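The values are calculated or read from the model by the stated rules, or taken from the named source; none is laboratory data. A quick note: this is a predicted structure, and the numbers were derived from the prediction, not measured. We place every Cβ from the backbone using ideal geometry, glycine too, and count neighbours over all the protein chains shown. We work out accessible area using only protein heavy atoms, side chains counted, and drop any ligands, DNA or RNA first. Shrake-Rupley method; radii C 1.70, N 1.55, O 1.52, S 1.80 Å.
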Amino acid sequence: VVDEVHLLADRRRGPGLEFLIALLRSLPSAPRIVMLSASVSNPADLATWLDPCTVVSQTVRTPALQKNALLLERGEKKDSSAFTLIRNILNDNPDHRVLAFVYQKKRASKQAREMAAFLSGTKGKDAPQDLVACMNAGAGWYHADLSQPTRAEVRRRFSASDDSLRVVFATTALMMGVNLPATHVLVIDPDRGGNEPSLATQEILQMIGRAGRGNREGAGWVILDQDREDLEIILEQIRDEKLPSLASSLLPAERSSLGYPDHEDPRRLSAILGLILRRESISSTDLLNLVASLWGGASLAADLPKCLRVLRSWRLVWEEPGTELLRLTALGQSCARTMVPPDLAAGWGAFIRDSLSSHPDGSGIANLSDVDLLLLTLLSTDTFKPLIRWNKDLDESMRR
């Protein structure tokens, strides 16, 4: 069972998921596969790839989900407006549970502390600060930096009808895959801030779709500025649940933000390394056939010879003499297992070889500082450049 199968289009997770499905289908005794999603607008395209395949569609949600927009006038603050809405929801019915999505982890904890202080009627030093105290007061937070047991405890308490926890401020860590008994969902931050793009309609619908499950009615709210230029478009997309067509993440990007040629795209190279790792060894012909069976396989198959030449030149893949079987080098295995970008692994491999040629005792590597390691990492790959732009102080320090 492949849940949230729309992640096939995700630039980070999609390639691995697509290769996994292709591997399962290539087994001598292939299993039956059930794929689930609430966010696929073009299931017929997936069915064509998976043929033979049966599409089962359910378009009516029972009970129906109420989709609402809270439009802010100029000068209104979204946080204060969200707090007022949450308080009204909680006061309306003691059984109501609210899940509020914010962009940043710090915002999640900050909002939860402020809500806990309000619900407990405390201020200043008397207001609850740690997560347990805040949950006891009625509000908690949830994000990927919390430990697994802590996240499980937040979910458990929010799911218990007799627990004091009635509001959880969460990042996208709760957007998919976890069903919680929230009657209401608020998307407080549909815009991610900085240079990040707004949440896609698919992501917003995934979030508000957390409201109401089973026999429980649900209502979703999206907070938007009334004077934004794309307001009508967003409202129409949410109302009519207009989703973009799903496409393989292995297809070449229309505009590569990092400027990689298609045959050096880290996503594609990582997927090929992962496939060879799982097979231990594979002939070029079998690899080509397997790649061609992918949803985005036609494009990748055309670039496969170039991709393999790059991986060989980077010393991540080698061909066993006399057998023509492709295998991963030790460096290639480490790269595939740790999900490190292939160009980064290749850069580090070249640096280590150069360092050992001048310092055979390894002292050139052993004496590297943390800043040296960071600088070498940034020099070896373009994958992390977007991260640098988010931290001006780091960028300036690196330049010095």
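Please list, in order along the range 123-133, the HN-Hα scalar couplings obtained from phi with the Karplus expression 6.51 cos²θ - 1.76 cosθ + 1.60 (θ = phi - 60°), rounded to whole Hz, x for Gly and Pro.
Here the 3J(HN,Hα) series is 9, x, 5, 7, 6, x, 10, 6, 4, 4, 4 Hz.
Please give the length that would be gained between L27 and S161 if that part of the chain were fully extended, namely 0.36 nm times their separation in residues minus their C-alpha to C-alpha distance (nm, one decimal).
The L27-S161 span can extend by a further 43.7 nm.
Quick one: among G212, G138, G362, which has the greatest mean-square fluctuation in a GNM of the chain with alpha-carbon springs under 10 angstrom?
Looking only at G212, G138, G362, the biggest GNM fluctuation is shown by G362.
Taking only the alpha-carbon atoms of the chain, what semi-axes of the equivalent ellipsoid follow from 5 times the gyration tensor eigenvalues under a square root, in whole Å, largest first?
43, 29, 20
Which of L376, L205, L235 moves most in a GNM of the chain, Cα contacts under 10 Å?
Evaluated over the chain, the most mobile residue of the options is L376.
Enter the per residue convex hull volume of the range 27-147, computed from alpha-carbon coordinates, in Å³ rounded to the nearest integer. Don't skip to the answer; put the middle values down first.
Details: hull volume 26.9 nm³, N = 121.
Spelled out: Cα convex hull of the range 27-147, divided by residues, is 222 Å³.
Quick check: convex hull of the Cα atoms in the range 115-269, volume per residue, rounded to a whole Å³?
Spread over its residues, the Cα hull of the range 115-269 gives 190 Å³ apiece.
Can you pull the Rg over Rh of the range 248-356, Cα-only, Kirkwood?
So for the range 248-356, dividing Rg by the Kirkwood Rh gives 0.96.
Which whole-number value in Å² is the accessible area per residue of the chain, probe 1.4 Å?
The answer is 55 Å² per residue.
For every other residue with a beta carbon closer than 13 angstrom to the beta carbon of T183, add +1 if it is Lys or Arg and -1 if Asp or Glu, then tell me the sum. List each step's numbers first, then the result.
Numbers: positive: R97, R166, R210, R213, R216; negative: D92, D95, E217.
Summing Lys/Arg as +1 and Asp/Glu as -1 gives +2.
Using θ = phi - 60° and the Karplus relation 6.51 cos²θ - 1.76 cosθ + 1.60, list the HN-Hα couplings for the range 221-226 in order, rounded to whole Hz, with x at every Gly or Pro.
Each residue's phi maps through the Karplus curve to give 10, 10, 9, 9, 6, 5 Hz.
Using DSSP to define loop residues, name the trypsin sites (Lys or Arg not before Pro) in the range 1-104 whose beta-carbon has at most 14 other beta-carbon atoms within 10 Å.
R11, R12, R13, R32, R61, R74, K77
Out of the DSSP beta bridges found with both residues in the chain, what percent are antiparallel (nearest 5)?
The antiparallel proportion sits near 20 percent.
Suppose the chain between S147 and V34 were pulled fully straight at 0.36 nm per residue; how much longer would it get relative to their current alpha carbon spacing? It would help to have the intermediate numbers written out before the result.
On the way: separation 113, 0.36 × 113 = 40.68 nm, distance 3.09 nm.
Here the segment from S147 to V34 would lengthen by 37.6 nm.
Using a 1.4 Å probe on the protein heavy atoms, what percent of the accessible area of the chain belongs to carbon and sulfur? Don't jump to the answer; show the numbers that get you there.
Working: 11210 of 22030 Å².
So the carbon and sulfur contribution to the accessible surface is 51 percent.
List the relative contact order of the range 228-382 as a percent without decimals, with contacts defined as Cα pairs under 8 Å and 6+ residues apart.
21 percent
Ordered by packing density, taken as the mean number of other Cβ atoms within 10 Å over each peptide's residues, highest first, how do 126-135, 349-358 rank?
Final packing ranking: 126-135, 349-358.
Label points 7 Å out from Cα along the Cβ direction at E76 and H359: separation in nm?
Roughly 6.2 nm, to one decimal.
Just add up the charged neighbours of R157: K/R +1, D/E -1, any other residue whose Cβ is under 12 Å from the Cβ of R157.
So the surrounding residues net to +2.
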